[in-house]
Amino acid sequence: MSSGATAPDAGSVEACIVSYDSHEMLATTLSNLAAEAPHLRVAIREHAGDEAFASLTELSKSFRGVIRISHNPGNPGFGAGCNALAITSTADHLLFLNPDAAVHRWPWSPDRPPPKDQVIGPTMIGDGSAARHAGRRYWIRDEIARSWLRRPGPLPDGDGFVSGAALLIDRRSFESVGGFDEGFFLFYEDIDLCLRANAAGIDTHLDPGWRVLHAGGHSTRSRFASALEWSYVSACRFHARRGSNITGYRIYVIADAIARAGFRIVSGNWPLGRAHLGLARRAIADLAACDTSSIDPESR
């Protein structure tokens, strides 16, 4: 990813938010930013249709910090949207923030800007332990441990990852690793970015003074079946890049999806049960066809 922006404004931070018809959640997010970090700039990119963009435009008029809004109804994905906002930013630091992630404490100021050469995540509040949103490793065995054993593993200690729901990085470091991999439509692009940054000598840390409340799932809740498939495709790409056995991973996904479908159906939740069965069918078809079309580990 190359930048078309001018030289960065020293010490400045811009919140880059990719929205998909999220203006209702954004009202809270923007209010919190205005209260906790009034000096931050805000740039928002809408990926839903014209009606959503009109609602976003109207909302932005109420917040002085919103300096840029843009629109791509083609919805190229979260990473692509973040990259587009970064390319046109002149801020020294980029804060990638989900529309449903509200900043409750911001420890930096124009006189004391965030550190550079780091990827920084916040302490998440109201949504379980910090390890749900960060970690040190993410091999297939780690994914299974997180999903079934509720054992997320250790927090980043220089090496590791933080959640893209709230991720801070200086623009020079972001550009040096090529930004987000746009081959991920949604999910895993944050872990991938952090681990590539680590490989380039850029540390990953959590800052206990930065606190964020993340509601989670807003843009995917009404599209649960699609979200399952997006996550599966992204996982195959991610694990292939890491050199993992994708055949084995697909077998795990099939077993996992069938087990979850059975639980959902027994508990009376037929829509979610059918969604998991749909994922199992997709993974079975890919396994039978030895499909690698979506997992090219060299693609950027």
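The values are calculated or read from the model by the stated rules, or taken from the named source; none is laboratory data. In this text, all values refer to a predicted model and were calculated from it rather than measured experimentally. Quick reminder, even Gly has a Cβ in these numbers, built from the backbone with ideal geometry, and neighbours come from all protein chains shown. Areas reflect the complete protein model, heavy atoms only, side chains present, ligands, DNA and RNA absent. Shrake-Rupley method; radii C 1.70, N 1.55, O 1.52, S 1.80 Å.
Points worth noting:
- Checklist (1) surrounded by fewer than 17 Cβ atoms within 10 Å (Cβ to Cβ); (2) assigned to a strand (DSSP E or B); (3) among the β-branched types (Val, Ile, Thr) applied to residue 42, failing item: (1)
- Test: residue 291 is charged (D, E, K, R), at pLDDT below 95, open to solvent by less than 50 Å² (accessible area, probe 1.4 Å) and over 30 Å from residue 33 (Cα atoms): yes
- Lone unmet requirement of (1) in contact with a strand residue (DSSP E or B) (Cβ under 8 Å, 6 or more places away or on another chain); (2) among the acidic types (Asp, Glu); (3) at pLDDT 95 or above for residue 175: (1)
- Verdict on residue 99 being in a loop (DSSP other than H, G, I, E, B) and crowded, with 20+ Cβ neighbours inside 10 Å: yes
- With respect to the conditions (1) surrounded by fewer than 20 Cβ atoms within 10 Å (Cβ to Cβ); (2) farther than 15 Å from residue 216 by Cβ; (3) of a type in the set (Gly, Ala, Ser), residue 135 lacks only one, and its number is (1).
- Test: residue 213 is more than 16 Å from the chain's Cα centre (by Cα) and at pLDDT below 95: no
- Extreme residue, most open to solvent (accessible area, probe 1.4 Å), among residues of region 73-92 that are within 21 Å of residue 181 (Cβ to Cβ) and outside any helix (DSSP H, G or I): 88
- For residue 233: the one exception among (1) free of Cβ contacts under 8 Å to residues at least 60 places away in the same chain; (2) open to solvent by 30 Å² or more (accessible area, probe 1.4 Å): (1)
- Condition check for residue 181: without any contact (Cβ under 8 Å) to a residue 60 or more places away in the chain, over 11 Å from residue 120 (Cα atoms) and not aromatic (Phe, Trp, Tyr): no
- Options 244, 267: the member that is open to solvent by 20 Å² or more (accessible area, probe 1.4 Å), in contact with a Phe, Trp or Tyr (Cβ under 9 Å, 6 or more places away or on another chain) and at pLDDT 95 or above: 244
- Some residue of region 217-225 being open to solvent by less than 30 Å² (accessible area, probe 1.4 Å) and either within 19 Å of residue 78 (Cα to Cα) or touching a Pro at 6+ places or on another chain (Cβ under 6 Å) (or both): yes
- The residues listed here are 99, 38; of these, the one that is within 19 Å of the chain's Cα centre (by Cα) and not aromatic (Phe, Trp, Tyr) is 99.
- From 251, 284, residue being out of contact with any strand residue (DSSP E or B) (no Cβ under 7 Å at 6 or more places or on another chain), surrounded by fewer than 16 Cβ atoms within 10 Å (Cβ to Cβ), modelled with pLDDT of 95 or more and assigned to a helix (DSSP H, G or I): 251
- Residue check for residue 269: more than 30 Å from residue 106 (Cβ to Cβ), among the polar types (S, T, N, Q) and touching a residue at least 24 places away in the same chain (Cβ under 8 Å): no
- Screening residue 69 against (1) assigned to a helix (DSSP H, G or I); (2) without any contact (Cβ under 8 Å) to a residue 40 or more places away in the chain; (3) open to solvent by 30 Å² or more (accessible area, probe 1.4 Å) leaves a single unmet condition, (1).
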